[in-house]
Structures are given as C-alpha cells and as structure tokens.
Amino acid sequence: MGISPQFDKDTILSESLPSAVLIREQLKRLVAHPLFTNSKRYPVLLTYTVEQTLLGNAGDLKERTIGVEAFGREPSYDVNLDPVVRTTAAEVRKRLIQYYYNPEHAGELVIELPLGSYVPSFREVVHHSSAPVEISLPAPHVESLLQHPVASEIPSPEPKREIARSGVYNWLLTAVALFLALLLGFGIGRVKTPGPAARPGEPTNLARFWEPITATSSRVTYCLGVPTDSVDLQSRTVPPIPAGETGSLNVYDVITLARSIAPIVPKNGEFRVMAASDTGFAQLREGPFILIGAFDNPWTMRITQDLPIGFEYGNHVREVVDRTTSPKTIWTLQWQVPGKSLARDYAVVARLHDKVTGEPVIILAGILGEGTEAASEVVSNQAYLDAVLQKAPKNWDKMNLEAVVEANVIEGHPGPPTVIAVRTW
C-alpha cells in the first residue's frame, strides 16, 4: 500500500485508470530519481513492467519472461539459481515506497508494484480541499539515499532476505500509518501519552521522562534495529553494516516505534524513522534520538558498551549485563524449549545524555523482540514507569538513568514488565 505523508482531508483516489500519457510521465520522474538512477537493474524492471502493462501484456509478466526479455537471460535459465527478477522486484517495491513517502512527491501519480506480483498498479490522487494536513514522517532510507547515492550496482542478497525486507517495510509503513490514523481519529488505544498532572502545574512522570525529547525544537530520529549476519555479536565493538545490508525488521520493533511516537505527536514534534544500517553519526548529532533494539542495532551496542548496564555476547549467549557489580550481574534468555519456545526475556530502558553525540537519547531494547516490546510498555504506561522510578532518586529527571526489566513470554507475547534493577548517575 503506497502511503503519502501529506494528504488532504477530502483526498480520494480516482477509480478510473490514469491515462497512459500521465503514467509514462510519472515513470520518467521515477527512473530519473537517485533511488533508481544509481542502479542498472531497477529502472529496467520498472520500465519493462509498466510498458508491458500499458501495452495490454500484463498477463505475460512472469518471472521467467521478465528475466529473458528484460535482463537477457536464456529461455531455459534456472530462476532458482538466478533470482535476478525476484531480488530486483523486491528492491523496486522498497524504493517506490521510499519515493512516495517523501513529502516532495505528495500528489504525484502513484505507481506501485504489489507484493507477490510483477504487474504494476496505478493510482491518481485527486484533491478536493485547499487545506492539506501534513504529517512529517520521512521514510526510512530516503534521506540517506539522497545524501549518499547508492552504488551503481549492489550485489543481490539471497531471495528470502529480499522478500522479507520488502514485506517488513510494508509492515512498518502500514503500522505507522494505522497508528497515526488511530491517534488522530479514534484515540491511541493501549498507547498512553503523558496524562494530566497529579497536581496543578506539575507534570506526570511520563511527561518528565520524555521531556528531553518533547522539549526539543530539533527533529527526532527513530533508529530501528535491522538484523544482519555481518554484525559481529561476539565483540563489544560492533563493526559498521555494509551498504546494502538492510536485513529485516520485526513486529515487536514496529509496536515499540508506535508507542514511543505517541508522546511527541501531540507536541507537534518532527521526526524521522531510519534503519540502523542507514543511520550515520551525522544524523544522530542533529537532535535527540530513540534507539530501538539491541543486538540488531549497532548504535545501541556502541552507546551502551561503556554504560553501567549494557549488552554483551558471552560464550555465544546474548546477555544483559550490570557492570557495576562484582562479579557482573548477568541476565539472559530463559527458554521453555531451547531455541524455540521463549519463556522470559530481558530488556534495558535507558534515558541519558550521550557524551559522544552530545544529544539526549532514549534506548528501548530487549535481548529479543519480546523484550523490546516490554521496554516500550515501561515508557508508555504510567504505572510501569512509576515502578521504575520508585527505585530511583527523586531528582532522577536531572540524571542519566538505566533500568533492567524482565517479562514472561506467553505464546510469543510479552507479559507485564517487572523492574529488577535501576542505575542512575
């Protein structure tokens, strides 16, 4: 589903197919954009599928046909050994989402490549109101791709990774859109924004916790973990993720993102969502940031490596470690069925001023996704946050703070988080 971050209250999608002239004009805009010009394969596939559809040959758009006619493969080539069409289509889908999620392209004719199909669809946005409503939510990767153009040709990852990547970005964008719709129209369900003050003029603990983020005039960056085999989890110093290795996201991170967006939306905060693989040091220095995920997020690993509480990978086991005790206190995953059925996860909730970037940062990270989601409950639910702060000094909001929480996991879902350690400095 294509999502535009800028829309009118009365915007509708035309039911009739846009003219071939308009579609070809939009195609020219797309293939001339840096998201497509820095690759040989992406413009070829997009142009071929659009033109064949306009010529009435949509029924012939099969993987083998595209491989032969668009990429010059032999008619008998093995599509399993050479998945060029699948991997290229996955990248084209992702880049179309990135293109249309940029506010600069709001209102343009939409060309999509639906998941599981090589037949593009076309939609024309019709505006019936002169008062547009704007939501500032840049898509992951768009800004970094414009600032740092993609190499001319990126080696194709395995097809399963590409398919998962495309599907997850659809999940991410869809989840954020649904969340914002709920927030604007029907309330925010389980996500709890800072409530009314306990006393007149006194902010709630939730408001105080989020104050370094909500009080800023700078854009807030949400940095989400992206699993990748290139990250050396056995080292406390995590190497950079190579260009093109963007992996996939998970639904726990999406839930955490939605819950952590809630406090800044009512403040008219401007924010962007980026994958860790596309987040550079320069982006983190531009303003406050929220890190989601631990072992799949190199920035979380880097920033927590010298903190009182952090993440380590010892004896091939992922751990949350309290380095202030001697010996170190260690928490690790508890399993009902080893490696299959998770029983308990642990997470870190941190609120601190990062000395390296010079910016406020909030970290919501579990050993696995279930723990990350549990961490998000702490910072979106007044009762759970109060439980953390009972173990902290009264002036905690003037200090750096880290907490370890545990959550029992039942049928893949985390239960209520329990605070087991708090450190302030």
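Taking region 298-331 as the range and being among the acidic types (Asp, Glu) and under 23 Å from residue 418 (Cα atoms) as the test, the residues that pass are 312, 319, 322.
Tell me, please, whether a residue that is farther than 22 Å from residue 416 by Cα, among the polar types (S, T, N, Q), at pLDDT 85 or above and surrounded by fewer than 15 Cβ atoms within 10 Å (Cβ to Cβ) can be found in region 349-358. Within region 349-358, none of the residues are farther than 22 Å from residue 416 by Cα, among the polar types (S, T, N, Q), at pLDDT 85 or above and surrounded by fewer than 15 Cβ atoms within 10 Å (Cβ to Cβ).
Residue-by-condition table, conditions (1) outside any helix (DSSP H, G or I); (2) among the hydrophobic types (A, V, I, L, M, F, W, C); (3) within 24 Å of the chain's Cα centre (by Cα); (4) more than 14 Å from residue 347 (Cβ to Cβ):
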| residue | (1), (2), (3), (4) |
| --- | --- |
| 380 | yes, no, yes, no |
| 391 | yes, no, no, yes |
| 397 | no, no, no, yes |
| 402 | yes, no, yes, no |
| 409 | yes, yes, yes, no |
| 421 | yes, yes, no, no |
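When 420, 410 are checked against the criterion of being modelled with pLDDT under 95 and open to solvent by 20 Å² or more (accessible area, probe 1.4 Å), a single residue qualifies: 410.
Taking region 267-361 and the strands (runs of 3 or more DSSP E) fully enclosed by it, the elements with 3 or more residues that are among the β-branched types (Val, Ile, Thr) are at 317-322, 329-332.
Conditions tested, residue by residue: (1) open to solvent by 40 Å² or more (accessible area, probe 1.4 Å); (2) of a type outside the set (Lys, Arg); (3) modelled with pLDDT under 90.
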residue: 191; (1), (2), (3): no, yes, yes
residue: 209; (1), (2), (3): no, yes, no
residue: 226; (1), (2), (3): no, yes, yes
residue: 230; (1), (2), (3): yes, yes, yes
residue: 233; (1), (2), (3): no, yes, yes
residue: 239; (1), (2), (3): yes, yes, yes
residue: 245; (1), (2), (3): yes, yes, yes
residue: 250; (1), (2), (3): yes, yes, yes
residue: 258; (1), (2), (3): no, yes, yes
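Restricting attention to region 71-107, the residues that are in contact (Cβ under 8 Å) with a residue 12 or more places away in the chain, surrounded by fewer than 21 Cβ atoms within 10 Å (Cβ to Cβ) and assigned to a loop (DSSP other than H, G, I, E, B) total 7. Each residue in region 269-321 was checked for being over 13 Å from residue 354 (Cα atoms), in contact with a Pro (Cβ under 7 Å, 6 or more places away or on another chain) and at pLDDT 90 or above, and 0 of them qualify. Out of all the residues in region 32-41, is one or more closer than 23 Å to residue 275 by Cβ, open to solvent by 20 Å² or more (accessible area, probe 1.4 Å), part of a helix (DSSP H, G or I) and at pLDDT 90 or above? Scanning region 32-41 turns up at least one residue that is closer than 23 Å to residue 275 by Cβ, open to solvent by 20 Å² or more (accessible area, probe 1.4 Å), part of a helix (DSSP H, G or I) and at pLDDT 90 or above.
The values are calculated or read from the model by the stated rules, or taken from the named source; none is laboratory data. Given the structure is predicted, the values throughout are model-derived calculations rather than measurements. So basically every Cβ, Gly included, is an ideal-geometry build from the backbone, and we count neighbours across all protein chains shown. In case anyone asks, the SASA skips ligands and DNA or RNA and just uses the protein heavy atoms, side chains included. Shrake-Rupley method; radii C 1.70, N 1.55, O 1.52, S 1.80 Å.
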